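Student: Pasting a structure below so you can have a look.
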Amino acid sequence: MDELPVPGDWTPVSSVVSNGKQHRLFRSVIAVSFWIAVLLPMAYPILFIAGITTVTDIALFAGVVFFHVVTLVAGRQYYSDDGQ
């Protein structure tokens, strides 16, 4: 019987990508995602100071939070312990 994947058990990028060009591309995407995730919280105070009063403002804030979560997940392997 096949084992079910454990939540939070991620496959390293190096095991998924074997081509050198694809590997560099994925590592670049991971690095950019990591740094966006680091810098994106600077947008939160700006949004709060500008005020969140309309539906458009709420949608913008929700979009920034969603994008932040996506970049956190995408950049999670930046300088991981896999030695790459």
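Student: Taking N as the number of residues in region 18-74, what is its Cα Rg relative to 2.2 N^0.38 Å? Walk me through the numbers on the way to the answer.
Tutor: Details: Rg = 14.9 Å, N = 57, 2.2 N^0.38 = 10.2 Å.
Scaled against compact globular proteins, the figure is 1.46.
Student: Right, here's the next one. How high is the relative contact order of region 18-74, in percent, with contacts defined as C-alpha pairs under 8 Å that are six or more residues apart? Can you show the working numbers first?
Tutor: Numbers: 20 pairs, mean separation 30.6, N = 57.
That works out to 54 percent.
Student: Packing-wise, with mean Cβ within 10 Å as the measure, how do 49-59, 25-35 rank, highest first?
Tutor: Values: 49-59: 9.9, 25-35: 14.9.
Result, highest mean Cβ count within 10 Å first: 25-35, 49-59.
Just so you know, all these numbers are worked out from the coordinates, no wet-lab data involved. Everything numeric here is computed off the predicted structure, so don't read it as measured data. Quick reminder, even Gly has a Cβ in these numbers, built from the backbone with ideal geometry, and neighbours come from all protein chains shown.
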